Structure formats: C-alpha cells, structure tokens
Amino acid sequence: MSDEVLKKTPLYDLHISLGGKMVPFAGYEMPVQYPAGILKEHLHTRAEAGLFDVSHMGQAFLSGDTAALERVTPADITGIPEGMQRYGLLLNDAGGIKDDFMTMRLKGEDALYLVVNASMKDSDFAYIAERLKGAATLKPAPDRALLALQGPKAADVLERHATGVSNLTFMQAIRINVAGAPAIVSRTGYTGEDGFEISIEGRDAEKVARALLGEKEVLPIGLGARDSLRLEAGLCLYGHDMDEATDPVEANLVWSLGKRRKEAKDFPGADRITKNLANGPAKKRVGLRPEGRAPAREGSEIVKDGVVVGQVTSGGFGPSLNGPLAMGYVRGDLATPGTKVELMVRGKALAAEVVAMPFVPNQYKRPAKKTGAAT
Amino acid sequence: MSELRFTDQHEWVRLDGDEATIGITRYAAESLGDVVFVELPAKGRTVGAGAQAAVVESVKAASEVYAPVGGEVTAANAALEAEPAKVNADPEGEGWFFKVKMSDKAAFGKLMDEAAYKEFVKGL
C-alpha cells in the first residue's frame, strides 16, 4: 500500500452513516458496498433504482473553439446537437486509447461539459489542455459532485424532485433543479439500465443524495455492484478492458467514431485505425461465457487448440445472469460469437464461448421511432 | 465431544475422532461478502497442513482456503455447488467445505481455540 492520502467525495460522511465499506479507488476513499451487499445491490438496481456516488470522476468545461476537441478524439464533436451528449475516446498519437469520456452540449451554452474517468482525470485534463492550447480552454470543476440514479424506477423517482426529467430520452442532457439544487442532468449511466447522471455543486450533494435515498425505491449502491452491472452491460472499464496499447477497432468501439471523421481520417492514429478498419484487427474485445459456475478473473489466459489466443480483461460473476461472465481480447479470427475457447483458471481449462454483448439486454429510453414515411 | 479450533487465515476445524471438518469462519464469510462459487478438493486427495485446498469466490474476488490440518479428504460438501450462499447463511454449520482423515493430531493442538480466535479477530 502506498501512503498516499486518499481524497474524499462530498458524500463521504453519508457513506459512513449508511454503513458503506470504504476502500481506496482511484485516489479516493469510496464505498465498495453497503450492508445489503454487492449481490442485493446489483439486483435491486435492475429491479428498482440504485444511487451511486461517482463524484470521483473528472468534470470540466471546455470553452473557446470547442471544435478543437476533435484534435484528440475521433468522435464527431461539432455534430453533437444541442441538449445531447456523446461518448468519445481520447486517443494518443498512435491511436491508442488514453481514456473514454462523455461530452455534452447544453442548450444555449457555448462551452462543452466533459466527464472523464476518475483514475485518468489529471492526465486527461493536462493532455486536452496542452493539445488545445491557443484554441480552447479547459476548466476542471473539482468542486462539483456527480450522482448516478439507475434502474427501471429511476425516472419516476427523479421526476418527483425535478419535474420534466422523465421527458428526456437516452443521451439527452439539460440544466434543471434537482431537490432545489441547480444541476446538469443527463439520461445515461454505466449499468445498462435506464437512468440519469446528476452533476451538482459539492455543497448540494448530500441534500440531493438524501432526497433521492428517501424514496422507497432507492438503495445506495457501491463500486462492487457498479462493476458487476457494467460488466453485464458489456461496458468497458478503462485500464482493464482498454488502455494506451489498444485502438478503438481492437476495443470494438468503432461505433464511437464519427462517420465524417472516418471519411476525413483527421484524428490521432488515423493510419493504424483506418488499416484495422479495412483489414480487421489482430485482436478484438469480445464477451465470454464460461460453462459451469467458476468465474474466470482478469488475467486468465484464453486458449484455443492448446495455443494462447488472448486474455480476460474483466471477469466475474453476473448476479442477473446468475453465472460467470467475462470480457477479454482474442485473436481477430476468433472474435465471432459462437466460437468455442478455453479459459485457464488455476491451471485448469474451462470451456467457454465467445458471445455477443451486452450479456443482459440494455434498457435505455431511446426516442420512439418516427412512423409514417413510406418505405 | 467434538473440539473446535481456528486459524489466522480464518478457517475453522471441528475434530470428531480423527476426522476433521473444515470451513471458513463467520468473520471470513462476512468479509468476503456474497459467495457465488466454491471449488472443493476431490475425495481421496491428500492435502498437507497449510496447503491450498479449496477456493471461495465472491462477486468481486477469489480467495484461497488452506487446509489447517493435513490428511486424506474423506468428503466435500457437494451442496455448496448448487447453493454457495450457504457459506454466508451458516458458515460454521451447513456451509462446511470438506472433511479430512487427519494424519497429524499435533497440528490440531497448535491451532487457536475459540477464545483465542475471538481475541485475534478483535485485533484486526
């Protein structure tokens, strides 16, 4: 253990009073679980609603020539409509993934609002500031807190404290008061469920969190269930399922590349990424379902016909699947769902199959399809 | 009369004659959280005292279980395969892991008794 002093979010005292089991994570003391335990917290989020403290994540506002953000990401930034957010990858010059992040264009505002991963925020912010120097200014917002309210009851619950939020659809974002506190609310999350992320001033965090926890549908949820929920949803955890050595094609995140950007090839690492797009990558991120009940954890080797063909990058037990599941990288020619492989666990080969993700169907509230036009 | 002993790795051993039943303590079960998988040693296998004999997995992580005493494995608790949650519900009863025919009684005597284990846990 390092003797680094761990930071606390504005909800630290609330976590303690709720019986949160605190662990070090990304330089913060965070609750890994509450007395209900990871299994119940996970299942409750899928059945009702769960409240997560994700204030350790990095929030920032980018002002000036915000289109310059395209210098560091292949996402279509200029094309983000007002009132929407978009997922993007932050790339190094070789096309390797430095992080993933959300960008929001709030109605009537020139600045973009960004959310990046907790473990990467200092390096991300320094990289963006340096690469956009002279064009745009990045202003981190360390005094802001971030809550996530996730699950099928999230919209009903939040509507009671922020009239109108239930009209938002997946990936929409607005400024609105939540329990009387000025907030940025977006309909998104990291669980595969419908839900919201709520950015507020740190000083309002406990008031807002207590108001939401006061609703009968809501339980506090720790990082343990956050991880099992995102894994079932097939979502990547930075530093595990992708890193600077991985490009967006290998990470199976090609959907996050803007169409215009792919045509213009005007992003970092465009040569490598364009080549991988055309020829297929040498390795690719896939979902894996081990047979039986033994989980294969991060680092387990993936074997095909006696040859090591990859490695598990996230693996564990899915409470909603009621079985083991994993994510990992396999040789490009083995990435098709249905491919049989073996996972090495404690010296034994466990039979497993490459499967499509998500493992549990996602429940995003997408806008209703327009009807009427003839085919 | 059976005798109960504990290890500093949070296993318990109950001795009946020369047969030792082994499991993990309530403290261990609570620290692990919800148990989702248990891997047990095969009947007939010989385990050495202090050697890794079983694996217990929670949603988050896998932990090794060591044999507090050595001997031949005479039984494994097959009920845990279908219902690993028994380890949380009744760790020192129905949640037992395996039994060994103990080869060295002296090893048992060196383990902590209940009072000593309680003291040990208090200090953690």
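The values are calculated or read from the model by the stated rules, or taken from the named source; none is laboratory data. Treat the numbers as computed from the prediction; the structure is a model and nothing was measured. Because the Cβ atoms are built from the backbone with ideal geometry, glycine has one as well, and the counts that use them run over all protein chains shown. Surface areas here come from the heavy atoms of the whole protein model, side chains and all, with no ligands, DNA or RNA. Shrake-Rupley method; radii C 1.70, N 1.55, O 1.52, S 1.80 Å.
What are the residues of the range B:12-54 that lose 20 Å² or more of accessible area, with a 1.4 Å probe, going from their chain alone to all protein chains?
Buried-area filter returns B:SER31, B:ASP34, B:VAL36, B:PHE37, B:GLU39.
Using θ = phi - 60° and the Karplus form 6.51 cos²θ - 1.76 cosθ + 1.60, what ³J(HN,Hα) does each residue of the range A:249-257 get, whole Hz, x for Gly and Pro?
6, 4, 6, 6, 10, 4, 4, 7, 8
Taking square-rooted eigenvalues a ≥ b ≥ c of the alpha carbon gyration tensor, is chain B rounded, prolate or oblate, where a/c under 1.5 means rounded and, failing that, a/b exceeding b/c means prolate?
It is oblate, given that a/c is not under 1.5 and a/b is not larger than b/c.
Taking the simple approach of a point 7 Å from Cα along Cα-to-Cβ for both A:ASP122 and A:ARG346, what is their distance in nm?
About 3.8 nm, to one decimal.
At 0.36 nm per residue, minus the direct Cα-Cα distance, what do A:ILE16 and A:GLU159 gain on full extension? Give it in nm, one decimal, please.
Extending this stretch completely gives an extra 48.7 nm.
What lysines sit close enough to B:LYS110 to cross-link, taking a C-alpha to C-alpha distance under 25 Å and skipping anything fewer than 8 places away on the same chain?
Cross-link targets: B:LYS99, B:LYS101, B:LYS118, B:LYS122.
Mean shadow of chain A, computed from the convex hull of its alpha carbons, in nm²?
Taking a quarter of the hull surface, the average projection is 20.5 nm².
Using a Förster distance of 60 angstrom, determine the FRET efficiency expected from the C-beta separation of A:ALA264 and B:ALA82, and round it to 0.05.
My answer for the efficiency is 0.60.
Counting only protein heavy atoms and using a 1.4 Å probe, what share of the accessible area of the range B:3-101 belongs to carbon plus sulfur, as a whole percent?
46 percent
Have a look at the range B:18-64 and give its Rg and Dmax from the Cα atoms, expressed in angstrom.
Radius of gyration, then largest Cα-Cα span, for the range B:18-64: 11.8, 36 Å.
So if R0 is 30 Å, what FRET efficiency would B:THR46 and B:ASP90 give, r being the distance between their Cβ atoms, rounded to the nearest 0.05?
Rounded to the nearest 0.05, the efficiency is 0.60.
Calculate for chain B the 222 nm mean residue ellipticity that helices alone would give, adding -39,500 (n - 2.57) per DSSP H run of length 4 or more and normalising by residue count, nearest 500 deg cm²/dmol.
So the calculated ellipticity at 222 nm is -5000 deg cm²/dmol.
Mean-square fluctuation check for chain A, GNM, Cα pairs under 10 Å: which of A:ARG71, A:ARG144, A:ARG285 is largest?
The residue with the greatest mean-square fluctuation here is A:ARG71.
If r is the Cβ-Cβ distance from A:ASN177 to A:LYS8 and R0 is 25 Å, what FRET efficiency results, to the nearest 0.05?
0.45
Under the rule a/c < 1.5 gives rounded, and otherwise a/b versus b/c splits prolate from oblate, where does the range A:224-298 land using the Cα gyration tensor?
prolate
Per DSSP H run of at least 4 residues, take -39500 (n - 2.57); add these up for chain A, divide by its residues and hand me the 222 nm value, nearest 500 deg cm²/dmol.
-5000 deg cm²/dmol
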